[in-house]
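J.: Have a look at the structure that comes next, please.
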Amino acid sequence: MNNQNKNIAVTIDTLFADTWLMVCQLRNGVSIENGKALYRRACEQIDKTRQSLIDAGFSNAAIDHMSYAQCALLDESVMNRGVKDAGYEQWLQSPLQTKYFNTLEAGDKLWDRIRTVLHEPAPDPAVLICFHRVLTLGFSGKYQESENNHREDVLTALTNQVPPYALVASQPLVSQPARYFSRRRIYWLGWIGGLVALGALWWGLSSSLQQLVHQWLNQG
């Protein structure tokens, strides 16, 4: 893996860090008491990330792919928790993919985008990295209840072309693992990246960062 792709991975993982964190919290059972506040925070993340990608000089096509993947991941992470709380009700009214892309078919369309990019002669490494992160964070779409191995095959194809998750220096580390995560959750999060870097990131999440996430989810 060349250094340029590693640098791109650091950029992508830095710009999307808030979304990766929010998704992990949602998939680990964080309840949503204020759906509007969470929805507003998600929109802020999408807008901020898109502008940062523009400022970083990524192409319009690449930004469109990555923003679509971000919306699809957040939508699925909220809607597929098996809990019809305030977050579910808010997303039911206006999924992010509808707000930003006027579609309700991200479960299919994101897979189409991934397939298209993978078959390009010279796919944009930033897009591949973003797609890889979205799948490792649990996005399934139309393969949610399927026994088809296609999802795993695509994930393997992406994994073979991208660097591992980047441990971003700006994300805080502490010497002791945060109490919020059980052994089972640490194992699941370690699976996301498959390497020590991601495990170290999550073992090192500070209690203050956890409190910040809860404020995002529940603030009025």
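J.: What are the residues in region 70-90 that are in contact (Cβ under 8 Å) with a residue 24 or more places away in the chain and over 17 Å from residue 47 (Cβ atoms), if any? Spell out how you get there, then give the answer.
T.: Taking region 70-90 first, the residues in contact (Cβ under 8 Å) with a residue 24 or more places away in the chain are 70-78, 80-81, 83, 85-90.
The answer is 76, 77, 78, 80, 81, 83, 85, 86, 87, 88, 89, 90.
J.: With respect to the numbered conditions (1) surrounded by fewer than 18 Cβ atoms within 10 Å (Cβ to Cβ); (2) charged (D, E, K, R); (3) in a helix (DSSP H, G or I), which one is the sole condition not fulfilled by residue 50?
T.: (1)
J.: Within region 114-127, which residues are surrounded by fewer than 24 Cβ atoms within 10 Å (Cβ to Cβ), part of a helix (DSSP H, G or I) and among the aliphatic types (A, V, I, L, M)? Before the answer, list the steps.
T.: As a first pass, look at region 114-127 and keep what is surrounded by fewer than 24 Cβ atoms within 10 Å (Cβ to Cβ): 115-126.
After this cut, where a residue has to be part of a helix (DSSP H, G or I) as well, the list is 115-118, 125-126.
Those that are surrounded by fewer than 24 Cβ atoms within 10 Å (Cβ to Cβ), part of a helix (DSSP H, G or I) and among the aliphatic types (A, V, I, L, M): 117, 118, 126.
J.: To continue, here is another question. Just give me the residues in region 128-142 being buried (at least 18 other Cβ atoms within 10 Å of the Cβ), over 19 Å from residue 2 (Cβ atoms) and free of Cβ contacts under 8 Å to residues at least 60 places away in the same chain, in sequence order.
T.: Scanning region 128-142 gives 135, 136.
J.: Kindly indicate which of 34, 80 is closer than 18 Å to residue 135 by Cβ, polar (S, T, N, Q) and surrounded by fewer than 22 Cβ atoms within 10 Å (Cβ to Cβ).
T.: Only one candidate qualifies: 80.
J.: Right, here's the next one. I'm told residue 57 meets every condition in (1) surrounded by fewer than 20 Cβ atoms within 10 Å (Cβ to Cβ); (2) in a helix (DSSP H, G or I); (3) of a type outside the set (Val, Ile, Thr) except one. Can you identify the failing condition by its number?
T.: (2) is the only condition that residue 57 fails.
J.: Can you tell me which residue is surrounded by the most Cβ atoms within 10 Å (Cβ to Cβ) among those in region 4-31 that are among the β-branched types (Val, Ile, Thr) and touching a residue at least 60 places away in the same chain (Cβ under 8 Å)?
T.: 12
J.: Restricting to region 37-69, give me the number of residues that are free of Cβ contacts under 8 Å to residues at least 40 places away in the same chain and small (Gly, Ala, Ser).
T.: 3
J.: Also: Scan region 90-110 for residues that are buried (at least 22 other Cβ atoms within 10 Å of the Cβ) and assigned to a helix (DSSP H, G or I) and jot them down.
T.: 91, 96, 97, 106, 110
Every number in this text was worked out from the coordinates using simple rules, so none of it is lab data. Keep in mind it's a predicted model, so treat the numbers as computed, not measured. For neighbour counting, all protein chains shown are included, and Cβ atoms are generated from backbone atoms with ideal geometry for every residue, glycine included.
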